[in-house]
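S.K.: I have a structure I would like to understand better, so I am pasting it below and will then ask my questions one at a time.
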Amino acid sequence: MKRVITCIFVCLLCAAAPLPAAAAGIVPYDSYNYDYWGDIVFTPAPYVPGRTISGVSLGVGAFSGPQDMCVGPDGLVYVADTGNNRIVILNADMTSAVGVIDSFDNGGAADFFNVPCGVAVSQDNMLYIADSQNRRVVVLYDGKLANIVSNPQSEMLEYGGENSGFIFQPLKLAVDYAGRVYVIARGMTQGIMVFNPEGDFTGFFGTINVQITPWEILWRTISTKAERSKQTLFIPTEFTGIDVDPNGFIYASNIDTEGERAVRRLNPNGEDVIRTGDNENVGGDLEIHSFGIYSGPSAIVDVVYRGKGIYSLLDSRRGRIFTYDHEGNLLYIFGGLGSQAGTFKQPSAIEAFGNRIAVLDTSRNEIITFDETLYGQLINEAVALRYDGNETQAVEKWHQVLLLNENLELANIGIGKAYLTSGDNVNAMKYLKLGKSRIYYSIAYKRYRNDILKANLPYVFTGVLVLAAALFITGKVKKRKTGGGLLTDG
């Protein structure tokens, strides 16, 4: 009998125990976030691997080192198949290829691409191609040549000769609602190059200045010429990826050796107006290692604006995808390098398709899609509702998120901010404390204190007046008694 009971008990334990990752269908990467102290906190997966798309599966032959992709206003997906010198057009579901552009008519003669690295589509369906080795941007409409931007002229630019090494080689580009073209060019550290709708170069945009520490200034002052020649040049850094939102704000990722600011949100004046949240970091991983294959800060190679203030960054060093809201809060992290389905070898571009995310892998010559889970959906919806000012429904979503991940500080902060907006400072303080948001908790506390003072101010004034009257009367009585005694003695 004891053996039977023991067997039953063991069977129950086995049934309750977690299954291996493969058997349980667990994703092949970690999903996590950071807590208030900067420590990693593992979370449910916000996205899981969907489909893997290749040129072979599309029936157009294998991709060769593709570098970029974008989504047009009609939902079609454009892939810069760099090694094959062509642009492949996919339908909105990415189940089939609807076209391949490997040449175009240029003045009656066939013209071809040479290492096209970037692709973008304007709101009026103009296709812009960064034809890198041909040193030009080709603009097509319905497959026909509309314009070619090459050899930009300006006093700010110099070409050829011994004093200048700059050659116009466009890598990535974006087009805003007004038809302005923003180009990231190889070796261009002065900023993003801007062209008007006619293709004329108008200047630079969003230059990043490198900060030099006092120690570096002192060392360069006292070092010899030979020593200075071996030191790192303090020149502005280069951009790596670019996207534009419907309002014309430019999101641009950049090389960031400190791991603190790997993306900019540039207003029409070229000023960085991005918000960084409580941790003041939009540079990918907070916890980095000094040694090993994946040492150093995240290498952000691309950015995609997903709507409602949400944007995602792609890290090629560890294969991670970092997603932030319009306030700079880190929403979730997922992805990884590897050989399993759903991991990357050399991710180069990221795009968003409704509730899906797609990543272009240059080494695998594939597009990997990711589908939204309930956890990711609830977070995205909560952020979108807050962005639209619908705090009540946002709170409901955040509460549902807490049912899936009760330790998520972000959800508590989201609820606290909603209560703060509605004027419920008591509940705001409660949830902001759980979320460890010092900044917003201080705001809630100050408002709560002011509410208490306002509510009790009449009583305070009444008490002060009563006390003052009592002191006045007491003083008069004492004076009268003292005066009466002196007269009697006389």
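Any read-out appearing in this document is the output of simple, stated calculations on the displayed coordinates, not a laboratory observation. Source: prediction; values computed, not measured. Using ideal geometry, Cβ is built from the backbone for each residue, glycine included, and neighbour counts are taken over all protein chains shown.
S.K.: Which pairs, out of LYS172/LYS308; LYS308/LYS454; LYS454/LYS478, put more than 26 Å between their alpha-carbon atoms?
M.R.: Flagged as over cut-off: LYS308/LYS454; LYS454/LYS478.
S.K.: Shifting gears a bit: Based on the alpha carbons, how large is the Rg to Rh ratio for segment 24-98 when Rh follows Kirkwood?
M.R.: 1.15
S.K.: What number in nm² do you get for segment 66-124 if you take the convex hull of its Cα atoms and divide its surface by four?
M.R.: Over every viewing direction, the Cα hull of segment 66-124 projects on average to 4.4 nm².
S.K.: For segment 306-432, what's the radius of gyration and Dmax over Cα atoms, in angstrom?
M.R.: For segment 306-432, the Cα radius of gyration and maximum Cα-Cα distance read 16.4, 54 Å.
S.K.: Here's another thing I want to ask about it. Please work out how much length the chain gains when fully extended from ARG480 to LEU145, using 0.36 nm per residue of separation minus the C-alpha to C-alpha distance, in nm with one decimal.
M.R.: 110.0 nm
S.K.: Further question: For LYS345, go through the aspartates and glutamates and keep the ones whose alpha-carbon is under 20 Å away, minus same-chain ones fewer than eight residues off.
M.R.: List returned: ASP30, ASP68, ASP81, ASP285, ASP302, ASP315, ASP361, GLU366, ASP371.
S.K.: On to the next question. State log₁₀ I(q)/I(0) for segment 90-138 at q = 0.16, 0.31, 0.32 Å⁻¹ as given by the Debye formula over alpha-carbon point scatterers of equal weight, solvent excluded.
M.R.: These q points yield log10 I(q)/I(0) values of -0.56, -1.17, -1.17.
S.K.: Right, next: Rounded to a whole number, what is D in µm²/s for segment 47-205 from Stokes-Einstein with the Kirkwood radius over alpha-carbon pairs (20 °C, 1.002 mPa s)?
M.R.: The Stokes-Einstein estimate is 131 µm²/s.
S.K.: Determine ³J(HN,Hα), in whole Hz, for all residues of segment 390-401 in sequence, where each value follows from phi through the Karplus function 6.51 cos²θ - 1.76 cosθ + 1.60 and θ = phi - 60°; x replaces Gly and Pro.
M.R.: Rounded to whole hertz, the list is 8, 5, 4, 5, 5, 4, 4, 5, 5, 4, 5, 5.
S.K.: So how far apart, in nm, are the two label points at ASP424 and ASN247 if each is 7 Å from Cα heading toward Cβ?
M.R.: A separation of 2.8 nm, rounded to one decimal place.
S.K.: Continuing with this model, one more query. Using each residue's phi in segment 133-149, evaluate 6.51 cos²θ - 1.76 cosθ + 1.60 at θ = phi - 60° and report the 3J(HN,Hα) Karplus result to the nearest Hz, with x for Gly and Pro.
M.R.: 3J(HN,Hα) across segment 133-149, in whole Hz: 6, 8, 6, 7, 10, 9, 10, 10, 10, 6, x, 10, 5, 10, 6, 10, 10.
S.K.: List the GluC sites (Glu not before Pro) within segment 348-426 that fall in a DSSP loop (any state other than H, G, I, E or B) and whose Cβ has at most 11 other Cβ atoms within 10 Å.
M.R.: In loop regions of segment 348-426 (DSSP not H, G, I, E or B), the sparsely surrounded GluC sites (Glu not before Pro) are GLU406.
S.K.: Another question about this same structure. In sequence order, what are the phi-derived ³J(HN,Hα) couplings for segment 68-79 according to the Karplus relation 6.51 cos²θ - 1.76 cosθ + 1.60 with θ = phi - 60°, rounded to whole Hz, with x for glycine and proline?
M.R.: Along segment 68-79, the couplings run 7, 8, 8, 10, x, x, 8, x, 5, 10, 10, 10 Hz.
S.K.: Around VAL41, which amide H atoms from residues at least 5 apart in sequence, or from another chain, sit under 5 Å from its own amide H, with H modelled in the peptide plane?
M.R.: Distant-sequence amide H within range of VAL41: ASN33, TYR34, ASP35.
S.K.: Here's a follow-up. Are there any chymotrypsin sites (Phe, Trp or Tyr not before Pro) in segment 103-159 that are in a DSSP loop and have at most 15 other Cβ atoms within 10 Å? List them by number.
M.R.: Filter output for segment 103-159: TYR159.
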